[in-house]
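First up is the structure itself, then whatever we jot down about it.
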């Protein structure tokens, strides 16, 4: 059995056996060597260096090198960020370079309940820097640049009245004021000329959004959208607001604080729930219940909260019914009443406003300004439109239409806009049909508003 | 005794009481033991004691069948390891892929091995079929083994296809959507068949459950049984096919004659086409070591190649499956892209008639082509007609697959792979 051919087999066994062995070793090394282990060893060394007592030192030395993760079963997330960012909860690491920097603790958002990616995005399950930070192919949620971090607040909280996210509130303000809804639908309200924005924040990057606002056609060839003229702050704010529209809704516990109790939320509730029917503020409103201008001076907050939850328990025999306000609502209303104590508030109660004033709100609500300009003054470009290549302003509609004609026109819209030059592409912007979207009462108010726009003293006629 | 150390250790071990009880025959030292080792070992007994020199020629068989067996073993091993983690749930499957990559020890390498070995298996089944065809090895008495081989080819595609869905990413979801749509083009039974496969009209949890069950238990079991039959028939048909004339080309293999100090005779009852009839025993050599060692070496080689691929190239994993965002184009797994290309011309002809005819023709081939000449030689001149027809079909299939893979872009339009396609922005 020791002949030549068998010997040659042994040679090959050695070569191939070694090859497989080497590959196994390489595979093992690549699997065993992971970048996060280096970070953990550095952290442990730092802990050892900082240890002042033998006990601390022993504790530091016994720190295991292992994956750290925050399991968030409700959110279906696993955040392993703390595998590298080991000192996020240790204030003494404030000012350390990443990945060892301290994360200012959010009392309302404890790490073990919220993890990291719910706000910062990125890929929580990943354990390499590039993959975890998420700017990699086949991962849709790269880390949100810190300047836009407030966008994440909007995932769980109502945008407008989150006192910790003023930029988000500002972004929403800009969105509503600029008339974006004239073309875009958001949460079911808006036009159909542009795409729905419900998930835009999950699909688009800040860079894309910026280009989109400044020069829409540069990112979406053939876009009908007119370039927007935002100030730098408004631009950043509306980008931030767009980024907050991810279409994801947080479950259970996370959604329980959708509305943050605040004076402005309280004011909205106050207007909505018809409190003004019995109570008055600034001499406006009903006389059945007491005026509320100075109730904050007379009653402590605890009393008011209890009063909202169940009036009979604090003032037996009162005629005020039990409205069934939630804890949050009761708190918000209380905040509002306390706020009244310090400051006069101009209520915008639909029942107290004139039709034209209400119509102005309707004009804003449906984003008419997006095409017809601020205060319906026009000026928005609509290339190749017969009307001076612009969307017409509406301040003279009272001269051209009766109210019924005007309402019909709003309901029906106008799909074909007459072109200036038949050879050029047709005008991109057109009038959406608002039938089925706008309410009858709103339409009446809107017509009243548009009729009220005609400058006083002018009656040129057509 | 100047044997290498591992051999000496092995010899020592097999002489101990325990070693002897396990292996019965140690390292064979004589022709008698060389025979005994083959029949006393469970793993070796499927093979003959003596093997024809022709069967050992690597340039004849290219070892393709063995390579497939080894890939199957590697896939079984890595597959079982993956099953320790995998859960066939649309909620969890994708996250588990991520966990395999990021936190499971060797998880990524095992998944890569499974993926690449799976692709290699499809490729080598095709190569194996080509080898058998071009050497005319499917002829009597091996006709039915060829039919079993075609069955194994379809099973391999089925195994690969069902495994394709399991990661539950975009690639998986849309490849299976496209693939099952092709099945839906079959007349009469098409929609029912698709419904049966998916457990619904679209790819969802039911489809994942079904594909998982098929992938991990049904198809592997059937494949294992068929492989056993396939190998058993190879043995019963006298080893690998070879030219009819004994001594035709066997001298080309270099083997030093073993010592001929025989003190016994091998006797077997033989009839029909079994190998001993009319054969010169001097054309045969002992399977140990000449066959067994070669097989082990090939196993090491296949393991090395799969490991190499798995260590340096990661299996693809795209975004989480999203039923409302199809990629453009959505492509089937690569081995079905020729079909998809055909389907793009005509769903009925490309999705039903052509593949149906091809499989039927493959199954019937050994019964249609009855000529006995040219068996056991590559590209035998006597088989020029059959070889030409097969080659044309093969080239067409390969070209269609390459077109489908690399030359088809958005909306299945023509693209040139070396030119960057214009950036696709989502139209509004």
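The values are calculated or read from the model by the stated rules, or taken from the named source; none is laboratory data. A quick note: this is a predicted structure, and the numbers were derived from the prediction, not measured. Here the Cβ is made from the backbone with ideal geometry for all residues, glycine too, and neighbour counts use every protein chain on show.
Looking at residue A:249, is it away from every other protein chain (no Cβ under 14 Å) and either over 27 Å from residue A:119 (Cβ atoms) or part of a loop (DSSP other than H, G, I, E, B) (or both)? So residue A:249 fits the description; yes.
Inside segment B:374-415, residues that are touching a strand residue (DSSP E or B) at 6+ places or on another chain (Cβ under 8 Å), surrounded by 13 or more Cβ atoms within 10 Å (Cβ to Cβ) and not in a loop (DSSP other than H, G, I, E, B) make up a count of 1. If you go through segment A:258-291 and keep only what is in a loop (DSSP other than H, G, I, E, B) and within 17 Å of residue A:329 (Cα to Cα), you end up with A:258, A:259, A:260, A:261, A:262, A:273, A:274. Flag set for residue B:67, criterion: within 20 Å of residue B:302 (Cα to Cα) and either in a helix (DSSP H, G or I) or away from chain A (no Cβ under 14 Å) (or both).
Here's the yes/no breakdown for (1) within 14 Å of another protein chain (Cβ to nearest Cβ); (2) more than 20 Å from residue B:89 (Cα to Cα); (3) in contact (Cβ under 8 Å) with a residue 40 or more places away in the chain:
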{"site": "B:162", "(1), (2), (3)": "no, no, yes"}
{"site": "B:166", "(1), (2), (3)": "no, no, yes"}
{"site": "B:173", "(1), (2), (3)": "yes, no, yes"}
{"site": "B:194", "(1), (2), (3)": "no, yes, no"}
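Pairs linking a residue in segment B:122-138 that is closer than 11 Å to residue B:379 by Cα to a residue that is part of a helix (DSSP H, G or I), with Cβ atoms under 6 Å and 6 or more positions apart or on different chains, are B:131/B:64; B:133/B:390; B:136/B:383.
For segment B:86-100, the criterion of a residue being more than 14 Å from every other protein chain (Cβ to nearest Cβ) and at pLDDT 95 or above is satisfied by at least one position.
Restricting to helices (runs of 4 or more DSSP H) lying wholly in segment A:391-462: which have 2 or more residues that are on the phi < 0 side of the Ramachandran plot and modelled with pLDDT of 85 or more? Filter on segment A:391-462 gives A:403-412, A:440-451. Just one of the listed residues (A:279, A:307) is over 28 Å from residue A:165 (Cα atoms), free of Cβ contacts under 8 Å to residues at least 24 places away in the same chain and in contact with a strand residue (DSSP E or B) (Cβ under 8 Å, 6 or more places away or on another chain), and it is A:279. Please tell me if residue A:335 is surrounded by fewer than 17 Cβ atoms within 10 Å (Cβ to Cβ), outside the structural domain of residue A:227 (by TED's automatic domain parsing) and outside any loop (DSSP other than H, G, I, E, B). Here the answer is no, as residue A:335 does not meet what is asked. Take the conditions more than 22 Å from residue B:354 (Cα to Cα), modelled with pLDDT of 90 or more and outside any helix (DSSP H, G or I) and apply them to residue B:229. Does it pass? Spelling it out, it is not the case that residue B:229 is more than 22 Å from residue B:354 (Cα to Cα), modelled with pLDDT of 90 or more and outside any helix (DSSP H, G or I).
The C-beta contact set for segment B:295-313 (first residue closer than 11 Å to residue B:71 by Cα and more than 9 Å from chain A (Cβ to nearest Cβ), second residue modelled with pLDDT of 95 or more and part of a loop (DSSP other than H, G, I, E, B), distance under 7 angstrom, 6+ apart or interchain) is empty.
Looking at this structure, is residue B:174 in contact with a strand residue (DSSP E or B) (Cβ under 9 Å, 6 or more places away or on another chain) and crowded, with 22+ Cβ neighbours inside 10 Å? Considered against the rule, which asks whether it is in contact with a strand residue (DSSP E or B) (Cβ under 9 Å, 6 or more places away or on another chain) and crowded, with 22+ Cβ neighbours inside 10 Å, residue B:174 comes out as no. Those helices (runs of 4 or more DSSP H) of segment A:121-178 in which 1 or more residues are more than 14 Å from chain B (Cβ to nearest Cβ) and free of Cβ contacts under 8 Å to residues at least 60 places away in the same chain occupy A:166-177.
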